[in-house]
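First the structure, which I've put down as structure tokens, then a few questions once you've had a look.
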Amino acid sequence: MKKTDVQTASGPTRRQMLQIGGGFGLALALPLGPGAMAQEGTSLRIAVPSDLSGWDHDYVAFDTVALSVMKNVYPFMIDYGVREVDGGRVGDTETVVPLYAESWTSNEDGTVWTLRLRQGILFPSGNELTAHDVKWSKDRAFAAQANVAGIYRIIGLTEADQVKVIDDYTVEFTQSTPSALTSQIQIISLYVYDSELLQENATEDDPWAQAYVNQTPQDGGAYNVSEYRPGEEIVLTANPNFPGEPPAVQTISLQVVPAPANRRLLLQNGDVDIALGLARRDAQDMAGVEGLTLLSSPNNEFVFVPMNMAMAPFDNAGVRKALAMAVPYEALIRSVYNGDARPLKSPVPIDMPGHSEIGYPFAYDVEAATAALAEAGYPDGFETSIVITSGDVDAERIAVLLQASFAAIGVTLEIETVDPATLQQRRRDRTVPLQVAAGQMWVNDVEYLLAVALTEGGFLNYANYSSDVVNGILASLQGELDTDTRMALITEAQEQLAEDVPWLCLAQPNFVLPISDRVGGWVQPVDGLFRLRYLTA
């Protein structure tokens, strides 16, 4: 496959430095060029549930607030386009928008990708963004051996010397294998640091300026950080040097409000325009509040219960199948999601290419579940536990429902409530029998899903699942670019997953967000990381 170069307008003018305290088959879409400014005086207030755990994108993990803010303040070279779905706007994984890039192209066999940068783009420091910043940033990522280095392995990028500067505005990425995931992986990974600024703040013991970056807001994206009060507020100001379509809102205040009840009250009183991280029931209860609009649309987040196959009795496929028939799916969607969810009939999410209901052929049937449990060697049932994180209202409702339902087949289910850090440690220690998990894949492709969640070594493989068949399918998908071949392999994977049943597939809830009537332009992200540049006020 050959990509076509896209030419863009010339770069923006210089700005003064801010003083701050303390994809396969993807089309290229061209954003508007730089020059226009956000409408002066426009502002929004958004309540967020937590402060950032740090500002260093190479090291922050599992912190969606931090990663969302970084998506808006770091320069990302390329991003998803936008498409209309049922009257709403969502990220389009079939379209790549070159933002800081002038073009993003591959050679004929998809192993060499060339990034050409727009010229004249300045960081807030006044330094120009060049190919040398891209190279230094990726060298830093490989040295970190954390977020980017881990995900780059999926597309055959394992060494820093696979990223080469061709000239001041051209960088070449040479993969050891072609990959259908390249553009989607790079949308996650192609953020760039102001390398000159960071090198000025590096030390002999800290050559990559990790201490400086972790504590200091980074800039140069659609927004710059104009004020940061840790634990209280992050103020973002539209970047006049942003090369894409300029943000419509000039100033956005992200107010840190940990208590959900307080976020809800602030929104109801008109003190903020958006409240993120509210429980679904709280959000739905605000549908009739004057001055507010409730956004609800199909989403690619899915909810599931991984069964730890490294622990008895979940090392027994018969037990896993019995539990799959003991889940009251329709009642769960009604009681937990007020009917505002779709049934999940495969470990492959509904909107992911290749999804098929053959992946999870189970329905609620107490008699069949009881018989299956007896056949698996547990005629009298067993005792186990399900772990949920504190404050997760939906997970608590799910756990209570499963507790009652499993009791009908003789399974005693204890509910353990732990803090997020404890859950993460127990996941690493592989000591969680059952857990309520939810999320969405940052890359909307089964190859990525298998690599991170359903094969050995995957950082989201909470079920500790290992299958020679699925491992072989993943190996076959890697490097395969033919769509028909990939779809056949994805079908085969779902057939095997239906036989092995590593997860209880519960539901795919709709995205729900209460916002002020004066807010428009929301684009539902496919990776869970909001893009503030689309908002209007």
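The values are calculated or read from the model by the stated rules, or taken from the named source; none is laboratory data. Since the model is a prediction, treat every value here as computed from it, not as a measurement. Note that we place each Cβ from the backbone using ideal geometry, even for glycine, and neighbour counts take in every protein chain shown.
Collect the residues in segment 249-262 that are surrounded by 19 or more Cβ atoms within 10 Å (Cβ to Cβ) and over 23 Å from the mean Cα position of the chain (by Cα), keeping them in residue-number order.
Val249, Gln250, Thr251
Still on this structure: I'd like to check which helices (runs of 4 or more DSSP H) are fully inside segment 426-537 and have at least 3 residues that are surrounded by fewer than 20 Cβ atoms within 10 Å (Cβ to Cβ). Spell out how you get there, then give the answer.
Details: elements: 446-453, 468-477, 483-500.
Output list reads 468-477, 483-500.
Shifting gears a bit: Which of the strands (runs of 3 or more DSSP E) contained wholly in segment 80-148 include at least 1 residues that are within 25 Å of the chain's Cα centre (by Cα) and modelled with pLDDT under 95?
Where strands (runs of 3 or more DSSP E) fall fully within segment 80-148 and carry at least 1 residues being within 25 Å of the chain's Cα centre (by Cα) and modelled with pLDDT under 95, they are 88-98.
Quickly run through segment 395-425 and pick out the residues that are surrounded by 16 or more Cβ atoms within 10 Å (Cβ to Cβ) and either acidic (Asp, Glu) or over 30 Å from the mean Cα position of the chain (by Cα) (or both).
Once the filter is applied, which keeps residues that are surrounded by 16 or more Cβ atoms within 10 Å (Cβ to Cβ) and either acidic (Asp, Glu) or over 30 Å from the mean Cα position of the chain (by Cα) (or both), segment 395-425 yields Glu396, Ser405, Phe406, Ile409, Gly410, Val411, Leu413, Glu416.
Do we find that Gln250 is modelled with pLDDT under 95, polar (S, T, N, Q) and not in a loop (DSSP other than H, G, I, E, B) in this structure?
no
Going through Leu266, Leu278 one at a time, which residue ends up being more than 26 Å from Glu301 (Cα to Cα) and not small (Gly, Ala, Ser)? Before you say what the answer is, go through the steps one by one.
Values: Leu278 fails: more than 26 Å from Glu301 (Cα to Cα).
From the options Leu266, Leu278, the qualifying one is Leu266.
Please determine whether any residue of segment 146-164 is surrounded by fewer than 16 Cβ atoms within 10 Å (Cβ to Cβ), in contact with a helix residue (DSSP H, G or I) (Cβ under 9 Å, 6 or more places away or on another chain) and over 29 Å from Ser476 (Cβ atoms).
Yes.
For segment 342-381, what are the residues that are aromatic (Phe, Trp, Tyr) and either under 36 Å from the mean Cα position of the chain (by Cα) or within 30 Å of Asn510 (Cβ to Cβ) (or both)?
Scanning segment 342-381 gives Tyr360, Phe362, Tyr364.
Within the bounds of segment 517-535, is there any residue that is at pLDDT 95 or above, farther than 30 Å from Pro260 by Cα and among the charged types (D, E, K, R)?
no
Which of the residues belonging to segment 399-424 are out of contact with any strand residue (DSSP E or B) (no Cβ under 7 Å at 6 or more places or on another chain) and under 18 Å from Asn308 (Cβ atoms)?
Of everything in segment 399-424, those that are out of contact with any strand residue (DSSP E or B) (no Cβ under 7 Å at 6 or more places or on another chain) and under 18 Å from Asn308 (Cβ atoms) turn out to be Thr422, Gln424.
Looking only at residues that are of a type in the set (Lys, Arg) and under 22 Å from the mean Cα position of the chain (by Cα) in segment 427-469, which one is nearest to Leu504 (Cα to Cα)?
The qualifying residue nearest to Leu504 (Cα to Cα) is Arg427.
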